[in-house]
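See below for the structure under consideration.
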């Protein structure tokens, strides 16, 4: 992967803390531009070689922090662990769902993924995106780092996956960016063809609000908006920036309708084969770099609210109350679908929903 230091990389790096961090990270990201060959493994001297996929760009805070994290793990294990970090899932066909299958099958060893798509394998993971449940990204982090997150990790293990105690990198609160009109009240969503990710809860939410959900992987959002296949998409502002979605939309409506994060996942059989000192080193660094990336993402999402208006986009804020009122049926359905234990843990963190 050839990496060019652009103004966009500089901006992402500023959110990460300093230009020096960006420079180090981008150099590290380019260290292994292709999957490990046997020759590379032998030359590096590493005992354990892993592949880490994620769906964000090479200039995202997620990529930069993952590169730093695995570099720290390599150093702290004396070079025994070498990991290639591949942005945008190494551009494999099928994007996130295909990468998730590769993780389950052990073809890759580490992956970051949002709860909705993870829910196709671990159904209760969809709880992370319960609409209008978390007040902010920080509120969601508390839940993911607490009893609800512990319950999700148990469910992951039952499916052959490893989650981490502080393992939810941040994507942020989701908003609606579209081409037809601003979204102020639920009625504004009627007839809107809304791009949604894989996962049933997001689709159910927008269907209940009158939109037409259309599932498209993250790497296809730009083209779908540009060609008119969809009228809008819903994502945190950082993704709208990093994937240049601002080029093909006119309106940004700050709805804060749900939170999403990037759950760091590991292949359980691989994890079980690792010595205890290596797993503890990985866990310690995951906690450190998750917290750093959360801070990066918070700063970037906050900055972009004003920046998008400066770029000529029409930005408005929407009141959550009328949207939430219209979702009573969604809450009732998902309370049954997720089960009493999951729902009670959710409401312990958020307050009553249904």
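The values are calculated or read from the model by the stated rules, or taken from the named source; none is laboratory data. Computed from a predicted model, the values in this text were never measured in an experiment. Counting neighbours? That spans all protein chains shown, and the Cβs are built from the backbone with ideal geometry, glycine included.
The selection criterion, being in contact with a strand residue (DSSP E or B) (Cβ under 6 Å, 6 or more places away or on another chain) and either in a helix (DSSP H, G or I) or buried (at least 18 other Cβ atoms within 10 Å of the Cβ) (or both), holds for residue 308.
Residue check: is residue 299 under 27 Å from residue 152 (Cβ atoms) and in a helix (DSSP H, G or I)?
Working: under 27 Å from residue 152 (Cβ atoms): yes; in a helix (DSSP H, G or I): yes.
For residue 299, the condition - under 27 Å from residue 152 (Cβ atoms) and in a helix (DSSP H, G or I) - is met.
Residue count for the stretch 88-111, restricted to those that are closer than 28 Å to residue 254 by Cα and surrounded by 23 or more Cβ atoms within 10 Å (Cβ to Cβ): 1.
Specify which of the listed residues (272, 336, 325, 250) is free of Cβ contacts under 8 Å to residues at least 60 places away in the same chain and farther than 26 Å from residue 122 by Cα.
Details: 272 fails: farther than 26 Å from residue 122 by Cα; 336 fails: farther than 26 Å from residue 122 by Cα; 250 fails: free of Cβ contacts under 8 Å to residues at least 60 places away in the same chain.
Result: 325 is the single residue among 272, 336, 325, 250 that is free of Cβ contacts under 8 Å to residues at least 60 places away in the same chain and farther than 26 Å from residue 122 by Cα.
Hey, does the stretch 324-332 have a residue that's surrounded by fewer than 16 Cβ atoms within 10 Å (Cβ to Cβ), more than 22 Å from the chain's Cα centre (by Cα) and closer than 26 Å to residue 96 by Cβ? Can you show your working first?
Keep residues of the stretch 324-332 that are surrounded by fewer than 16 Cβ atoms within 10 Å (Cβ to Cβ), which gives 325, 328-329, 332.
Now narrow it down to the ones that are more than 22 Å from the chain's Cα centre (by Cα): 325, 328-329, 332.
Adding the requirement that they be closer than 26 Å to residue 96 by Cβ leaves none.
Checked the stretch 324-332: no residue is surrounded by fewer than 16 Cβ atoms within 10 Å (Cβ to Cβ), more than 22 Å from the chain's Cα centre (by Cα) and closer than 26 Å to residue 96 by Cβ.
Checking the structure you have, find out if any residue of the stretch 162-169 is more than 16 Å from the chain's Cα centre (by Cα), surrounded by fewer than 18 Cβ atoms within 10 Å (Cβ to Cβ) and in the same structural domain as residue 296 (by TED's automatic domain parsing). There is at least one residue in the stretch 162-169 that is more than 16 Å from the chain's Cα centre (by Cα), surrounded by fewer than 18 Cβ atoms within 10 Å (Cβ to Cβ) and in the same structural domain as residue 296 (by TED's automatic domain parsing). One residue stands out in the stretch 33-49 among those that are at pLDDT 95 or above and in contact with a helix residue (DSSP H, G or I) (Cβ under 8 Å, 6 or more places away or on another chain): the one that is nearest to residue 218 (Cα to Cα), namely 49. Under the condition of being in a loop (DSSP other than H, G, I, E, B) and buried (at least 19 other Cβ atoms within 10 Å of the Cβ), the residues counted in the stretch 182-199 number 5. Scanning the stretch 220-230 for residues that are in contact with a strand residue (DSSP E or B) (Cβ under 7 Å, 6 or more places away or on another chain) and in a helix (DSSP H, G or I) yields 221, 224, 225.
In the stretch 200-219, of all residues being in contact with a strand residue (DSSP E or B) (Cβ under 9 Å, 6 or more places away or on another chain) and assigned to a helix (DSSP H, G or I), the one that is surrounded by the fewest Cβ atoms within 10 Å (Cβ to Cβ) corresponds to 207.
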